[in-house]
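Trainee: Take a look at the following structure, please.
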Amino acid sequence: MMNLKVLNVRNAGDRNERLLIRVLEDCNLRGYMVVDNTYENGTVSNVNRHVDIFPDKHVEKGNIVRLYTGRGTDYDGKANI
């Protein structure tokens, strides 16, 4: 069973682009990853452009995990969406 659900992408295409992920059940983020693939002739290719692997971090049901897609520094804490 998946404990996380992708809700949406906010500010797509700009420097504040981020993926919002809802925590469906208490879990640890260790082992979860987000992969951005390329397309070739309208078909998903096996080339991974970006791979983000989540750290060993306990999250609780109802939390929202934000993954910013741009450059920056990792931040582990609470903030407004």
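The values are calculated or read from the model by the stated rules, or taken from the named source; none is laboratory data. Remember, it's a predicted structure, so these values are computed and weren't measured experimentally. Cβ placement follows ideal geometry from the backbone for every residue including glycine, while neighbour counts extend to all protein chains displayed. Ligands, DNA and RNA are stripped out before the accessible areas are found, and what is left, the full protein with its side chains, is counted by its heavy atoms. Shrake-Rupley method; radii C 1.70, N 1.55, O 1.52, S 1.80 Å.
Trainee: Tell me, what is the 1.4 Å probe accessible area of Lys5, in Å² to the nearest 10?
Mentor: 110
Trainee: Relative contact order of the chain: what whole-number percent is it, with Cα pairs under 8 angstrom and at least 6 residues apart? Show your work: numbers first, answer last.
Mentor: Values: 136 pairs, mean separation 25.7, N = 81.
Answer for the chain is 32 percent.
Trainee: Averaged per residue, what accessible surface does segment 1-53 expose to a 1.4 Å probe, in Å²?
Mentor: Values: 4020 Å² over 53 residues.
On a per-residue basis, 76 Å².
Trainee: Oh, and also: Work out the length of the dipole vector of the chain about its Cα centre, built from +1 on the beta-carbon of each Lys and Arg and -1 on the beta-carbon of each Asp and Glu, and round it to the nearest 20 debye. The partial results should precede the final answer.
Mentor: Values: 12 positive and 11 negative charges, 46 e Å.
It works out to roughly 220 debye.
Trainee: In terms of modelled amide H atoms, which long-range or inter-chain residues lie less than 5 Å from the amide H of Asn63?
Mentor: Correct list: Val23.
Trainee: Once the dipole of the chain is set up with Lys and Arg at +1 and Asp and Glu at -1 on Cβ about the Cα centre, which of Gly72, Asn3, Pro55 lies farthest towards its positive end?
Mentor: Working it through, the farthest residue towards the positive pole turns out to be Gly72.
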